[in-house]
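In what follows, a structure is listed as structure tokens, so that the remarks can point back to it.
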Amino acid sequence: MKNILFPILLLILTNISASSQNFTEIDFEEDLEYIKQTLPQKHINLFEKISKTQFESKIDSVKYKAKSLNTETFINELFKLMVAVGDEHTRVELSQQIVVPVRFQMFQEGIFVAEISPVYSGALLSKVIEINEQPINDVINKFKEIILSQNQSYFDFLLLHYLNNASILRGLGILNSENEITYTLQNSDSNIVKIKFDIASNNINHSMIKANQHLQTSKNNYWYEYDSVRNEIYFSYSSCQNNEHYPFAKFNADLFGIIKKNKPEKIILDLRNNGGGNSTVLKPFLKEIKRSYLNKKNRFYVLIGKTTFSSAMLNAVDLKRNFKTVLIGEQTAGSINHYGEIRNFELPNTKVKIVYSTKYFETWKGKNGALQPDVKINYSIENFKINKDEAIDYIHSISNINK
């Protein structure tokens with residue numbers, strides 16, 4: 001195998017002022033005490049999965065080693081504390097971080113480069129083998145210390161989000177350099193490629209290019225497309241947020257205007273890339289589709305996946321329970337019954353934000369864990385390369401059989 005070393009590229013820096021400060025042992029101890037006093041008061045039920053004694057003991061154990069911590073290892077300890085709390089919405093929010101211009105996507109074959117600086121366009125869709133000479137499986141195991149891992153989709157989603165974060169990688173001991181980070185990749189020709197990023201001290205904006213993307217990952221928060229050949233409607237809903245320039249009520253009227261005009265045989269609602277927002281935004285659609293001829297088996301399909309979370313989860317559960325849908329894809333990142341409706345507070349010294357839940361959502365009594373699809377789809381890198389969407393293809397294959 002060939003071994004190729006790419007030239008060094010400057011790193012993106014995002015709000016790194018706190019990361020560059022040197023905090024004292026007392027600073028960390030005061031912030032920890034602030035969490036101990038504040039989080040139980042603000043969280044609706046902090047001690048469901050961890051006792052008050054256990055919670056305080058974990059904080060005290062971090063205080064005990066505060067002298068040996070720096071900002072990044074301190075934040076790493078806060079992540080571990082939130083894992084112990086066991087609430088997927090209660091977390092550390094990093095507004096001050098250092099990230100490199102590369103993003104990743106997971107397929108059944110592993111983790112691949114999905115987006116990167118144009119300088120490294122040849123590395124798109126290469127498989128991640130190592131980060132800083134540490135095998136990717138070892139890296140994944142280290143991340144299980146700071147990300148809840150009972151729900152594989154939730155873990156995978158956050159893992160991919162943090163794999164380009166130099167601050168977190170350093171806090172975990174994966175990155176031990178102040179100057180550079182190296183990703184070892186295997187390209188489509190089975191060559192080993194090393195990409196080295198330089199950790200710069202100034203703020204530089206970098207554009208990134210994407211690998212071939214499926215249709216549903218483009219455009220706006222919500223959009224539809226009518227396929228006259230297949231006589232079907234595809235409705236992408238990627239964020240539970242109203243667009244003030246195109247209010248959802250207007251969008252919904254346009255959507256059902258097309259349905260009334262063309263009378264499609266089926267509708268596909270795609271929630272795979274929806275991380276939440278306000279679950280009520282979708283209400284006009286739910287009200288209209290409920291009484292529509294499309295609210296029937298083999299006519300109404302809903303796509304869910306690793307990024308379906310929070311308010312999008314609430315919508316997905318509603319669709320599963322109260323509509324004649326078929327759920328297709330992967331299990332959701334969010335749990336069926338969960339804490340949410342988040343608020344946050346800032347730690348007095350490090351200014352790290354702690355996000356916490358203020359409400360419990362019991363959307364389906366007696367159900368635990370993630371929402372599972374009716375039809376499980378395994379996504380392949382080889383299909384992704386040719387823009388083949390396995391979930392959509394499955395629907396088309398079923399439609400052909402039913403004709």
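Here are a few things to note about the model shown:
- Cβ charges +1 (Lys, Arg) and -1 (Asp, Glu), total dipole of the chain, debye: 1840
- Linear extension gain, GLN152 paired with ARG230, 0.36 nm per residue minus alpha-carbon span: 24.6 nm
- If both residues of a DSSP beta bridge must be in region 243-361, then about 55% of such bridges are antiparallel.
- Candidate lysines for bridging to LYS250, where Cα separation is under 21 Å - those fewer than 8 sequence places away on the same chain excluded: LYS219, LYS260, LYS261, LYS263, LYS283, LYS287, LYS290
- Since only HIS89, ILE75, GLN41 are under comparison, the one whose Cα sits farthest along the positive direction of the charge dipole of region 1-211, derived from C-beta charges on Lys, Arg, Asp and Glu, is HIS89.
- Take the Cα of TYR246, step 7 Å toward its Cβ, do the same at ARG291, and the gap between the two points is 2.6 nm.
- Local electrostatic count, LEU160, Cβ distance below 10 Å [Lys/Arg +1, Asp/Glu -1]: +1
- Rounded to the nearest 20, the size of the Cβ-charge dipole of region 1-211 about its Cα centre is 320 debye, with Lys and Arg at +1 and Asp and Glu at -1.
- Between 0 and 90°, nearest 10: helix 311-322 axis offset from the chain longest Cα axis: 40
- Relative contact order for the chain, counting Cα pairs under 8 Å that sit 6 or more residues apart, in percent: 19
- Label-to-label distance, nm, for residues given as ILE26 and LYS196 (7 Å Cα→Cβ offset): 4.2
- Working from Cα pairs under 8 Å separated by at least six residues, relative contact order for region 1-211 is 32 percent.
- Legend: ranking of residues MET208, MET82, MET313 from fewest to most surrounding C-beta atoms inside 10 Å; resulting order MET208, MET82, MET313.
- On Cα atoms only, tilt of 390-402 relative to the major axis of the chain in degrees: 20
- In sequence order, region 232-240 has phi-based couplings of 9, 10, 10, 10, 8, 10, 9, 7, 7 Hz under the Karplus curve 6.51 cos²θ - 1.76 cosθ + 1.60, θ = phi - 60°, and Gly or Pro positions carry x.
- Degrees between helix 25-42 axis and first principal axis of the chain (Cα, 0 to 90, nearest 10): 40
- Mean ellipticity per residue at 222 nm, deg cm²/dmol - from DSSP H runs of n ≥ 4 across the chain, formula -39500 (n - 2.57): -9500 deg cm²/dmol
- Of the residues GLN21, PRO101, PHE112, the one whose Cα sits farthest towards the positive end of the charge dipole of region 1-211 is PHE112 (charges of +1 on Lys and Arg Cβ, -1 on Asp and Glu Cβ, taken about the Cα centre).
- Principal axis extents of the Cα atoms in the chain, from largest to smallest and rounded to whole angstrom, are 68, 56, 36.
Taken together, the values in this text are just the output of simple stated rules run on the coordinates, not laboratory data. These figures come from a predicted structure and were not determined experimentally. Cβ coordinates were reconstructed from backbone atoms using ideal geometry, including for glycine residues, and neighbour counts include every protein chain displayed.
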